Amino acid sequence: MAHREVLAEPGSRVVMLGNVAFARGALEYGVSFASAYPGTPSTEITEALSYASRILGGPYVEWSANEKVALEAAIGAALTGIPALASMKHVGVNVAADPLFSSAYMGVEGALVIVSADDPGMWSSQNEQDNRWYGIHAYIPVVEPAGPQEAKTAIIEAFKLSEKWKHPVILRTTTRVSHTRVIVEAGEIDIAKIKRKGTFVKNPEKYTLVPVHARRLREELVEKWEKISKDLSQNQVLNHAEGNPDSETLVVAIGLGYRYAKEILATHGLLDNVRLLKLSAPVPLPKSLLLNEAEGREKIIFIEEGDPVIETLSKALFYDHDIRAKIYGKGTGHLKKTGELELHRVEKLLAKALGLEKTYYNQSVIKPEIKLPPRPPVLCPGCPYRAVFYALRRAVGKARIRPIYNGDIGCYSLGVNPPFQMQDTIVEMGGSIGLANGMAHAQDDKVPIAIIGDSTFFHAGLPGLANAVYNRSPMLVVVLDNRTTAMTGHQPHPGIGVTARGVEGTELSIVDAAKGLGVEYVKVIDAFNIAEGEKEFYEAIEYVKKERKPALIVAKGACILLALAAGRRVGVYPVAYRVNDDKCTACGLCYKAFNCPAIYSKDDGKAYINELLCTGCGECAQICPFDAFEPVDEVPPEWLRLMREAKPS
Amino acid sequence: MKSLNIVLSGVGGQGIISLANVIANAVLESGGNVIVAETHGLSQRGGSVIVHVRIGDVEAPLIPPGNGDLMLSLDPIEAARYSVYLKKGSMIFVDNNITPPPLPGIKIPSLDEIVESLEKEGFDIIVVPAVDEAKKAGNPLGANIFLLGASYQTSILKEYIKEEAIIDAIRKNLKKPEKNIEVFKRGKKWAEERLTS
């Protein structure tokens, strides 16, 4: 998506997603380099910068192969003296953790901000991980905006902090900051600044972390950390106290927690009664500010999204300084540790701590008695993965193996649901091939099937595959090549040949990569061709059984949403299918075993196609044993080509 | 402290986020404050969608359960699912078409069953033929805007958003703006006729 509002006129007030406000703030500061790997809830930051770069001719923006490379590239850019930004989701920081820790030792020349988009509540993630711990662990300051309202200001402050201390800074956002729209006032963008290039000045004592250098840098780092803590105590833009200075109660509201605290205190008319400490730069702990504000209070309440990070650090600090106030927070069990903050939960905490009798947000909840069916996300109508799962399952049956499906991160994770249930493990990016390596050697006579997407293959699949070839791990690797990073909204990747700036890149071949790594059995199939898939999967499984070596099949077919979008651009549209009632026997194969969301069962059990949802993929016509599906019109060959070759623009 | 909490619900792909964006821009045009919390990523693939729209003296992104003032929904099942976010007696404007979740062998409740169940809890349900009317107007994707038109006429939305601001927000933020303005007006007219009959 373009997110055009990122280039709103200076001085105008516009509705912006938190992530777009981050992008705007980075541009207003003058970011000259931005790298990222897509991941919810971080993606729109780089999408917006990509749009800006296409219009303004800067900054340099790239979708990197993975988060580690994205961060390394940003470190490299920052060492040349320009401001750089690396954006990723919380688990992406795990992938980038190695350079992250080193970057604190080296520092930077220009500025370096690393966006970590955490996902409390796990709306689109495998875990709930609070990356402020990384800041503490790696000695990297953390800026955490007080809601989307402060997103733009906070990222500008993060850059300033990085520039001032020549040190990387983590900007920690969360789903409700990144994916919440608020009104933002646009400032000036200096185009010359965002287009500027840097110059690397050699300084091996700083930039080569051999032990003799690292030992000295470690001493300097620990010393710098205390200085930054003092600085953050003085930073009035990010950290300040408001309300009654003489109150017996201090509410420490960190990041988005400030918005919850402020709304509840305002609703209860308590804004002038208690002391409210807003912390938008909580790491390193601004010790002198905290001690100043905590001194003499009877109660101290902590409100933070994620783990009780600041509460835990503060309690240790209070212990050292003989502050013995009663503490309320997640660490003391007054607020639930899991999931997201919500007004009623925070109100309950405040009501308990402050002895409030009336509550506004804890209303009685009405739950209708009717039993509702769940609605989990599903593979879209026309998704090539549905055809692949179907073909693979038939091949596995024919080969008479008891399969283990090592799944991965992407739309195909949805194969975990009925009717396919063909994801036995889902761990992390690239984990499919990695786990299959272990499954292959830890059991006798098994053929693990690793299922991995195209973008994920380039992200973290390559080392696992090298390992499988080297150690002769008998496994079938199925690369689902739908020509895009689909789940996060259709970003390009190394296999596409289009870059984030819209200029041509080099298109890498998955087949050549696999062959280059030494996989001897490599084939490409048409993902939409179920008969071909079944035959090729069967033969590949037989090869693995016999040779005890890895085989790899690339199932190529565009994400149907991408094909539809490409079609709209050139005026090519799919032709929907319909059911021939005379031929349909009501067997239910199409809506039960194949489970296309565009196919329903009628009262008599016969199939019926919702033409509004049908994408004309023709998969149903291939699986129906009675030839009951037919296109309502002649299918344009151009559409069949787009289904196979469409790619992101 | 004056605020309006609107729950938008439906199925991924129905235009719930676009609707939220039009409302938010209309609030901006009307000189108010607005916060819209959305769901992206995994949850949008044909899954159940809720968007929280908060207008007025508000700071935090999410509507707590039992605090919503109004719901616009493009699917009756999703309207019922997220009714826990509403105050007793709230108005629910819901399209009459059910999109059945594509799960093998599940029981789908009927529109009548859902409406009855919600009315029993004291909600004020207005079933709107938004998809059908938008199709008739030659704009099958305009159901979200028809629903906005229908609800604008009869709900507290009017106190927070000016009609010209909605027209302006549609013009600035949607593709085929004239067609969508037409659909908005038809929605308003539909509600007017329903009220007076």
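Some notes on this structure:
- Filtering segment A:348-406 to residues that are free of Cβ contacts under 8 Å to residues at least 12 places away in the same chain, under 27 Å from residue A:427 (Cα atoms) and within 14 Å of chain B (Cβ to nearest Cβ) leaves A:374, A:375.
- Cβ pairs under 7 Å, 6+ apart, first in segment B:64-79 and small (Gly, Ala, Ser), second part of a helix (DSSP H, G or I): B:68/B:85; B:73/B:79
- Total residues in segment A:136-149 satisfying the condition of being acidic (Asp, Glu) and either more than 25 Å from residue A:312 (Cα to Cα) or not assigned by TED's automatic domain parsing to the domain that holds residue A:97 (or both): the figure is 0.
- Among the residues making up segment A:225-253, those that are touching a Ser or Thr at 6+ places or on another chain (Cβ under 9 Å) and hydrophobic (A, V, I, L, M, F, W, C) are A:237, A:238, A:252.
- Tally of residues being among the basic types (Lys, Arg) and either assigned to a helix (DSSP H, G or I) or crowded, with 24+ Cβ neighbours inside 10 Å (or both) across segment A:1-30: 2
- Checked against the criterion of being assigned by TED's automatic domain parsing to the domain that holds residue A:389 and surrounded by fewer than 23 Cβ atoms within 10 Å (Cβ to Cβ), the candidates A:554, A:544 yield just one match: A:554.
- For segment A:115-155, taking the residues that are among the hydroxyl-bearing types (Ser, Thr, Tyr) and within 12 Å of another protein chain (Cβ to nearest Cβ), the one that is farthest from residue A:227 (Cα to Cα) is identified as A:124.
Yes/no per residue for (1) in contact with a Ser or Thr (Cβ under 9 Å, 6 or more places away or on another chain); (2) in a strand (DSSP E or B); (3) surrounded by 22 or more Cβ atoms within 10 Å (Cβ to Cβ); (4) not assigned by TED's automatic domain parsing to the domain that holds residue A:59:
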residue: A:451; (1), (2), (3), (4): yes, yes, yes, yes
residue: A:460; (1), (2), (3), (4): no, no, yes, yes
residue: A:466; (1), (2), (3), (4): no, no, no, yes
residue: A:469; (1), (2), (3), (4): no, no, no, yes
residue: A:483; (1), (2), (3), (4): no, no, yes, yes
residue: A:487; (1), (2), (3), (4): yes, no, yes, yes
residue: A:500; (1), (2), (3), (4): yes, no, yes, yes
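- Qualifying residue in segment A:3-20 (condition: of a type in the set (Asp, Glu), within 14 Å of chain B (Cβ to nearest Cβ) and closer than 21 Å to residue A:497 by Cα): no
- Test: residue in segment A:287-299 that is without any contact (Cβ under 8 Å) to a residue 60 or more places away in the chain, touching a Ser or Thr at 6+ places or on another chain (Cβ under 9 Å), closer than 30 Å to residue A:122 by Cα and assigned to a loop (DSSP other than H, G, I, E, B): no
- Considering only residues in segment A:162-180 that are of a type in the set (Ser, Thr, Tyr) and part of a strand (DSSP E or B), the one that is farthest from the other protein chains (Cβ to nearest Cβ) turns out to be A:173.
- Restricting the search to helices (runs of 4 or more DSSP H) fully inside segment A:31-137 and requiring at least 1 residues that are without any contact (Cβ under 8 Å) to a residue 24 or more places away in the chain gives A:67-79.
- Some residue of segment A:177-188 being in the same structural domain as residue A:90 (by TED's automatic domain parsing) and under 24 Å from residue A:76 (Cβ atoms): no
- Matching option when the condition is outside the structural domain of residue A:598 (by TED's automatic domain parsing) and touching a Gly at 6+ places or on another chain (Cβ under 8 Å), among A:370, A:366: A:366
- Answer residue from segment A:182-204, given it is in contact with an Asp or Glu (Cβ under 8 Å, 6 or more places away or on another chain) and among the aliphatic types (A, V, I, L, M) and is farthest from residue B:37 (Cα to Cα) among those: A:201
- There is no residue in segment A:613-636 that is surrounded by fewer than 17 Cβ atoms within 10 Å (Cβ to Cβ) and without any contact (Cβ under 8 Å) to a residue 12 or more places away in the chain.
- For residue A:316: the one exception among (1) in contact (Cβ under 8 Å) with a residue 24 or more places away in the chain; (2) surrounded by fewer than 18 Cβ atoms within 10 Å (Cβ to Cβ); (3) within 18 Å of residue A:233 (Cα to Cα): (1)
- Failed criterion for residue A:587 (all others in (1) of a type in the set (A, V, I, L, M, F, W, C); (2) within 14 Å of chain B (Cβ to nearest Cβ); (3) within 26 Å of residue B:135 (Cβ to Cβ) hold): (3)
- Segment A:33-51: number of residues that are among the hydroxyl-bearing types (Ser, Thr, Tyr) and touching a Leu at 6+ places or on another chain (Cβ under 9 Å): 4
- Residue selected from segment A:612-649 under the condition of a type in the set (Gly, Ala, Ser) and touching a strand residue (DSSP E or B) at 6+ places or on another chain (Cβ under 9 Å), by the criterion nearest to residue A:583 (Cα to Cα): A:628
- For segment A:232-278, taking the residues that are part of a loop (DSSP other than H, G, I, E, B) and within 14 Å of chain B (Cβ to nearest Cβ), the one that is surrounded by the fewest Cβ atoms within 10 Å (Cβ to Cβ) is identified as A:269.
- Among the strands (runs of 3 or more DSSP E) confined to segment A:503-611, the ones with at least 1 residues that are free of Cβ contacts under 8 Å to residues at least 40 places away in the same chain and in contact with a strand residue (DSSP E or B) (Cβ under 6 Å, 6 or more places away or on another chain) are located at A:521-526, A:599-601, A:607-609.
- Of the candidates B:60, B:134, B:150, the single residue that is in contact (Cβ under 8 Å) with a residue 24 or more places away in the chain, over 26 Å from residue B:186 (Cα atoms) and surrounded by 24 or more Cβ atoms within 10 Å (Cβ to Cβ) is B:60.
- Only a single criterion out of (1) within 33 Å of the chain's Cα centre (by Cα); (2) at pLDDT 95 or above; (3) within 14 Å of another protein chain (Cβ to nearest Cβ) is not satisfied by residue A:287, namely (3).
- Identity of the residue in segment A:149-194, within 15 Å of residue A:135 (Cα to Cα) and of a type in the set (S, T, N, Q), that ends up surrounded by the fewest Cβ atoms within 10 Å (Cβ to Cβ): A:162
- Of the residues making up segment B:1-31, those that are touching a helix residue (DSSP H, G or I) at 6+ places or on another chain (Cβ under 7 Å) and facing chain A (nearest Cβ under 9 Å) are B:1, B:11, B:12, B:21, B:25, B:27.
The values are calculated or read from the model by the stated rules, or taken from the named source; none is laboratory data. Keep in mind that this is a model prediction, so the values were computed, not measured. Cβ coordinates were reconstructed from backbone atoms using ideal geometry, including for glycine residues, and neighbour counts include every protein chain displayed.
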